[in-house]
Amino acid sequence: MSEMLIESWGLCKSYGRKAALSGVDLSVGRGRIVGLLGPNGSGKTTLIKLLCGLLQPTAGRLAVAGQEIGPETKALISYLPDRMYFAGWMRAVDLLDLFRDFYPDFDYEKAVAMCHSLGVEPGHRLKTMSKGTKEKVQLALVMARKAQLYLLDEPIAGVDPAARDFILHTILTNYNEEGTVLISTHLIADIEKVLDEAIFLKEGKVMLHETVDNIREREGKSVDALFRDIFRAQPLEGGAF
Amino acid sequence: MLWKLLKYDFRSMWKSFALIWPAALVLALINHFTLPYDEGVTQSNELLAIITIMAFTAVLFAMFVAVMIFVVQRFYKGLLGDEGYLMHTLPVRSWQLVASKLICAVVTALVSLAVIFLACLLMVPIRWGQVLRIAFFQDLWEGLLSNPDAMLYLLEFLLLTVTALLLFVTMTYLSMSIGHLFHRRIIMSVAAFIFLDVLGTVYVDVLDQLMVWDELFNAAPHAAFWGVFGVMLLPALLFAAGTVWILSHRLNLE
C-alpha cells in the first residue's frame, strides 16, 4: 500500500487553449482533512474530476493509493459532485441499492438512518424532492461509505450558514478517520477550523500546500486571512461610467 | 458488474415503457372488437372504429419515438450528461457501461417489435378457439420437423434483426461520443452521425467493387444470411470499440 494517497507529477489539463491546471505536483497523505482552496476558475473542480476519472489529463501523471486512475481507484473514492447526478426515474432507495451493489464499503443501514435523520423518506421519488433535500441524499450516500478518499466538491456552496454547519457536522461525524477528506471551497472561514492541511490553487497552479498549524505559526494569521491576502482582487480605479 | 449495471438499466427501461407497451396491447384488443371485419357497418360503430384505430396508430408511433428517445437519452444523459458523474465514478470498466446501455437499448427495441407483432395478432379476427388447440401445435411441430430449415431461417432472421439494431445503436453511440469531444456537442454529434452514415455507404460500395454482394446473392441461402450477418457485425463492433475507447481515454465531463 502506497504511503501517499494522492500523488501527481506535472499534472496539466487544458480546455482547448485555456489551461485549467499547469504542472501540478502534489502529495497528500492518509488520515487528513485537506482544504482545496482557491477562487472560482482556479482549477479545484478540474483536479477533483481528474482524481475521479471524469476528465483525462492533458499531460503529467496522477495516482491514488499508488495506482493510476481506473476502476480500482474509483472503488476507494467517495465523490460528492457539485451537481445532481440522479436519473429522473429513481427513488432514494434505488440509489441506496445501487451504492450497496457497487461499493463493498457502503453501509446501507447507516445511509437509511442518515436519510431519516435528514428528514428524507427513502421511498420517495428524487424528482419530487427539493434541491436541498436532493443534496442531503447525495451527502448521505457519500458519507455512508467507509472510503479511503472523500472528494467533496463545494459541499457548502450556495447554502445558508445554518445548512453549512449541518453539512460540515454530517461530514465530520461520518467520515472514515483512516481516510482522507479533500474539500474544495472558497468559503474558507467556515471550514478552517476542521482542516489539517490547505492547498491554495491559483490559475491552475499550486501556490501553497501546508499544514494549517504551520500557516498560522509562520504567517501569524488565519488561513482565511492569508487566502484574502493572496487572492485579493485589484479593484478598477477611477474612470467614470 | 455488467449484470448489476443491467439491473438498473432495465429498471429504467421498465419505468419508461410500463405505460406504452400495455396501452398498445389494450388498444389492439379494443380494435379487435370495434373494427368492422365482417358485420354490417353502421355509422355509429364506424366512427368508433376510426377513433380506436387512430388511437392505436398514435400509440405505435409514440412507441417508435419513445424507443428512439430512450436509445439516445439513456446513453447521452446516462454517460455523457450529469448522470455520468455517478456512472463513471462506479468501479466498473468503460466497456461494461457501454455494453449495459447497448444490451438494454437492443432489448427495448426487440420487446417493442414483439409488442407490435402481438398487438397486430390481437387486432385481427383470428379464431383463437381453433388456433389454440393441441392439434394446431401438433401440426406446427410436425411441420417444423419435416422442414428443419424453417426454424433455422427464423433464427437467422432474428439474428439479422438483432445485428441491424446493434449496428444502428452503436453508430448512434459513437456519434454522441465523438460529439462530446467538441464544444458544440449536439451539432457535432449530428455531424458525426452523418459522417458515419456516409462512411457506411462507402463501405457498401467497396464491398460491391470487391464483388462481395454478388458472391452472397449467388451463395446458398444460409451462407448468404451469415455473410450479411458478418458484413453488418464488423462495423457494429468497430463502432462499439470506438465508443469504449473514447469513454476510457478521452472522457471529458465538463
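The values are calculated or read from the model by the stated rules, or taken from the named source; none is laboratory data. The structure presented is a predicted model; accordingly, all values stated were derived computationally and were not measured. Cβ atoms come from the backbone with ideal geometry, glycine included; neighbour counts cover every protein chain shown. Note: areas computed on protein heavy atoms with side chains; ligands, DNA, RNA excluded. Shrake-Rupley method; radii C 1.70, N 1.55, O 1.52, S 1.80 Å.
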Odd one out for B:Leu174, checked against (1) away from chain A (no Cβ under 14 Å); (2) without any contact (Cβ under 8 Å) to a residue 12 or more places away in the chain: (2)
- prompt: Restricting the search to the stretch A:68-90, which residues are within 14 Å of B:Asp9 (Cα to Cα) and more than 9 Å from chain B (Cβ to nearest Cβ)?
  reply: none
query: Exactly one of (1) more than 12 Å from every other protein chain (Cβ to nearest Cβ); (2) in contact (Cβ under 8 Å) with a residue 60 or more places away in the chain; (3) among the aromatic types (Phe, Trp, Tyr) is unmet by B:Tyr85. Its number?
result: (1)
task: Please go through the stretch B:218-234 and pick out each residue that is more than 17 Å from the chain's Cα centre (by Cα) and of a type outside the set (A, V, I, L, M).
output: B:Asn218, B:Pro221, B:His222, B:Phe225, B:Trp226, B:Gly227, B:Gly230
message: Let me confirm something: among B:Leu144, B:Leu154, which residue is surrounded by fewer than 16 Cβ atoms within 10 Å (Cβ to Cβ) and either modelled with pLDDT of 80 or more or on the phi > 0 side of the Ramachandran plot (or both)?
response: B:Leu154
query: Under 6 Å by Cβ, and 6 or more places apart or on different chains, what pairs join a residue from the stretch B:8-22 that is more than 10 Å from chain A (Cβ to nearest Cβ) with one that is aliphatic (A, V, I, L, M) and open to solvent by less than 20 Å² (accessible area, probe 1.4 Å)?
result: B:Ile20/B:Met63; B:Trp21/B:Val115
statement: Per the filter on the stretch A:98-112, residues within 12 Å of chain B (Cβ to nearest Cβ) and either of a type in the set (Ser, Thr, Tyr) or in a loop (DSSP other than H, G, I, E, B) (or both) are A:Tyr103, A:Pro104, A:Asp105
Pick from the stretch A:18-39, criterion in contact with a strand residue (DSSP E or B) (Cβ under 6 Å, 6 or more places away or on another chain) and within 14 Å of chain B (Cβ to nearest Cβ), ranking: surrounded by the most Cβ atoms within 10 Å (Cβ to Cβ): A:Leu21
message: Suppose we keep only residues that are in contact with a helix residue (DSSP H, G or I) (Cβ under 7 Å, 6 or more places away or on another chain) and part of a loop (DSSP other than H, G, I, E, B) within the stretch A:160-215. Which one would you say is least open to solvent (accessible area, probe 1.4 Å)?
response: A:Leu195
field: Single residue of A:Phe166, A:Phe200 found to be among the aromatic types (Phe, Trp, Tyr) and without any contact (Cβ under 8 Å) to a residue 60 or more places away in the chain
entry: A:Phe166
query: So which residues in the stretch A:61-92 are outside any loop (DSSP other than H, G, I, E, B) and open to solvent by 20 Å² or more (accessible area, probe 1.4 Å), if there are any at all?
result: A:Arg61, A:Gln67, A:Glu68, A:Pro71, A:Glu72, A:Lys74, A:Arg91
task: Kindly check whether there is at least one residue in the stretch B:224-235 that is open to solvent by 70 Å² or more (accessible area, probe 1.4 Å), without any contact (Cβ under 8 Å) to a residue 40 or more places away in the chain and touching a helix residue (DSSP H, G or I) at 6+ places or on another chain (Cβ under 9 Å).
output: yes
message: Criterion first (open to solvent by less than 30 Å² (accessible area, probe 1.4 Å) and within 10 Å of chain B (Cβ to nearest Cβ)) does A:Tyr15 satisfy it?
response: no
message: When the residues of the stretch B:97-141 are narrowed to those that are β-branched (Val, Ile, Thr) and farther than 19 Å from B:Ala28 by Cα, which ends up most open to solvent (accessible area, probe 1.4 Å)?
response: B:Ile134
task: Output the residues belonging to the stretch A:151-190 that are β-branched (Val, Ile, Thr) and under 12 Å from the mean Cα position of the chain (by Cα).
output: A:Ile156, A:Ile171, A:Thr180, A:Val181, A:Ile183, A:Thr185
field: Matching option when the condition is assigned to a helix (DSSP H, G or I), touching a residue at least 40 places away in the same chain (Cβ under 8 Å) and facing chain B (nearest Cβ under 9 Å), among A:Leu55, A:Leu95, A:Leu51
entry: A:Leu95
Test: B:Arg74 is open to solvent by 40 Å² or more (accessible area, probe 1.4 Å) and under 21 Å from B:Tyr173 (Cβ atoms): no
- prompt: For A:Ser42, which of the numbered conditions (1) closer than 23 Å to A:Val181 by Cβ; (2) part of a helix (DSSP H, G or I); (3) open to solvent by less than 50 Å² (accessible area, probe 1.4 Å); (4) not aromatic (Phe, Trp, Tyr) fails to hold?
  reply: (2)
